[in-house]
Amino acid sequence: MANKITNRQLFFIITMTLITITLSSIPKVIVSEAEEGGWFTVIIASIIFAFFSLIIISLNKMFVGKVLFEYSQELVGNSITYIISIFYIFYFAAILIYMNISLSNVLKTNFLFETPHWAIFFASLIVCGYGAYKGITNVARLLEIYGIIFIISVILIHTFMLLQGEMDYIRPLFITSETPKYFSALKGAIFPFLGIEVLTVIPLSNENKKVRRLGFLTIIFVGIIYAYAIETSVMMIGINEIIHYQDATLTSIRLIQLPKIEFLKRLDAVYLTVGLMGIHAAIIVIYMVIVEFLTKIFLKLKRLFIVIGVGLLILLISILVLRIKDFLEIFGQSIIFFGIVALVLIPSILLIIALVKKYEKRIL
């Protein structure tokens with residue numbers, strides 16, 4: 001099998017795709033709805049989405065060495081497969097545009113003040129396009145390196161926040177009478193977990209032992225990281241203040257004081273550097289997913305041409321949507337429906353069909 005990844009690589013692909021974009025903004029989003037119970041909301045959300053991840057993983061294990069495009073042809077035929085694939089292409093393209101603009105905003109706000117957005121888009125897509133061109137195996141190896149650096153850095157920085165924060169800001173941790181509010185806040189926790197759908201283009205081999213458990217626990221781990229980021233951010237600036245900051249995590253990090261460690265005086269710069277590396281990794285993954293679907297549809301078209309074509313189209317659309325006021329907020333609200341379709345509805349239908357056909361074969 002040409003594309004083969006290990007369980008460790010799968011862990012980093014899922015983790016980096018999910019947390020790199022939303023980690024900085026999730027404290028405001030969740031605390032605005034759940035207040036002191038934000039940690040509980042994201043943990044419950046992680047359990048729900050962990051079960052959703054099992055749907056795609058189960059399909060990939062039933063059809064070893066194949067991806068969604070290939071086994072859906074066996075299950076629902078070519079015509080429906082092409083419709084499903086086009087849906088995923090547009091879905092992931094929208095996410096890629098969102099990530100591209102988010103990355104550009106971070107760079108312009110913190111580093112490249114005078115650089116136009118189009119130049120940042122262009123440079124980013126060249127780098128990420130090269131990664132997408134190299135394919136799943138190489139991207140997985142890259143994310144192993146990026147993932148270790150990113151996760152260790154995030155845990156260390158938030159631990160500094162835990163040590164310097166005010167414990168009274170997060171008390172009480174849980175109010176029983178507010179449980180309905182915590183569950184109603186789950187709608188705000190949907191977007192941070194979208195991205196699991198990248199599993200649709202990742203084939204599994206017989207060497208991927210206990211991969212269902214790995215996928216489940218990986219999503220739980222992501223939920224724990226989110227909860228840790230929310231609680232430590234609240235400890236630094238408080239619930240009443242955190243809702244006023246779009247990048248609450250970054251704002252909280254700037255309050256950390258480490259006078260005895262000279263080279264870590266600007267932890268926000270370290271966080272931004274590591275964060276940008278993580279965002280680039282996530283963009284590479286999403287870019288690669290689009291390319292993988294297109295290479296299945298256009299078998300005679302060279303991968304390089306597909307990569308270039310996708311990059312140019314994303315560049316053009318990213319420039320155009322910049323003119324839309326509050327695009328990122330509008331996107332975040334509208335993509336949830338399509339994310340549920342991509343993550344839950346389509347894979348669930350395919351899994352049911354696969355199980356029915358497997359049962360029929362046993363009877364016959």
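The modelled label-to-label distance between LEU313 and PHE174, using points 7 Å beyond Cα along the C-beta direction, is 4.7 nm. Taking the Cα centroid of the range 323-364 and of the range 188-252, what is the distance between the two, rounded to the nearest whole Å? When both Cα centres are located, 20 Å separates them. The length gained on full extension between ILE349 and MET62, counted as 0.36 nm times the residue separation minus their Cα-Cα distance, comes to 101.9 nm. For helix 303-321, what angle does its Cα long axis make with the longest principal axis of the chain, in degrees from 0 to 90 and rounded to 10? Helix 303-321 sits at roughly 40 degrees to that axis.
With the highest mean first, a sort of the peptides 144-153, 338-347, 292-301 on other beta-carbon atoms found within 10 angstrom per residue produces 338-347, 144-153, 292-301. Approximating the spin labels as points 7 Å out from Cα along Cα→Cβ, the ARG362-to-ILE80 distance works out to 2.2 nm. Rounded to the nearest whole Hz, the Karplus-based 3J(HN,Hα) values (6.51 cos²θ - 1.76 cosθ + 1.60, θ = phi - 60°) of the range 20-30 follow the sequence 5, 7, 9, 4, 6, 9, 5, x, 5, 4, 6, with x at glycine and proline. Between THR159 and SER32, the contour length at 0.36 nm per residue exceeds the alpha carbon distance by 43.4 nm. Once the Cα-Cα distance is subtracted from the 0.36 nm per residue extended length, the ALA269 to LYS302 segment shows a gain of 7.9 nm.
Beyond 21 Å in Cα-Cα separation lie the following of the pairs LYS4/LYS209; LYS210/LYS361; LYS209/LYS361; LYS66/LYS134: LYS210/LYS361; LYS209/LYS361.
Rolling a 1.4 Å probe over the protein heavy atoms gives the chain an accessible area of 47 Å² per residue. For the listed peptides 349-360, 23-34, a ranking on the average number of other beta carbons within 10 Å per residue, highest first, reads 23-34, 349-360.
Selection among ILE363, SER153, ASN100 by position relative to the dipole of the chain gives ILE363 as farthest towards the positive end (Cβ unit charges, Cα centre).
Among 108-118, 7-17, sorting by the average number of other beta carbon atoms lying within 10 angstrom of each residue, highest first, gives 7-17, 108-118.
Across the range 175-190, coupling constants 3J(HN,Hα) worked out from phi with the 6.51/-1.76/1.60 Karplus curve, θ = phi - 60°, read 10, 4, 5, 8, 3, x, 5, 4, 6, 5, 6, 4, 4, x, 9, 6 Hz, and Gly and Pro carry x.
Checking every one of the chymotrypsin sites (Phe, Trp or Tyr not before Pro) in the range 173-279 against DSSP loop status and a limit of 14 other Cβ atoms within 10 Å picks out PHE174.
The long axis of helix 267-297 is offset from the longest Cα principal axis of the chain by roughly 10 degrees.
Set the Förster distance to 45 Å, then compute FRET efficiency between LYS134 and MET167 from the Cβ-Cβ distance, nearest 0.05.
The formula returns an efficiency of 0.45 here.
Within the range 266-313, what whole-number % of the accessible surface is contributed by carbon and sulfur, with the 1.4 Å probe and all protein chains included in the calculation? Roughly 76 percent, rounded to a whole number.
With the cut-off at 1.5 for a/c, could you classify the range 1-120 from its C-alpha gyration tensor as rounded, prolate or oblate? Oblate, since a/c reaches 1.5 and b/c is not below a/b. Across the chain, Cα-Cα pairs more than 26 Å apart make up 51 percent of the total.
The values are calculated or read from the model by the stated rules, or taken from the named source; none is laboratory data. Because the structure is predicted, anything quoted here is derived from the model rather than measured. Every residue, glycine among them, receives a Cβ derived from its backbone with ideal geometry; neighbour counts consider all protein chains shown. Accessible surface is based on the protein model in full, side chains and every heavy atom, while ligands, DNA and RNA are left aside. Shrake-Rupley method; radii C 1.70, N 1.55, O 1.52, S 1.80 Å.
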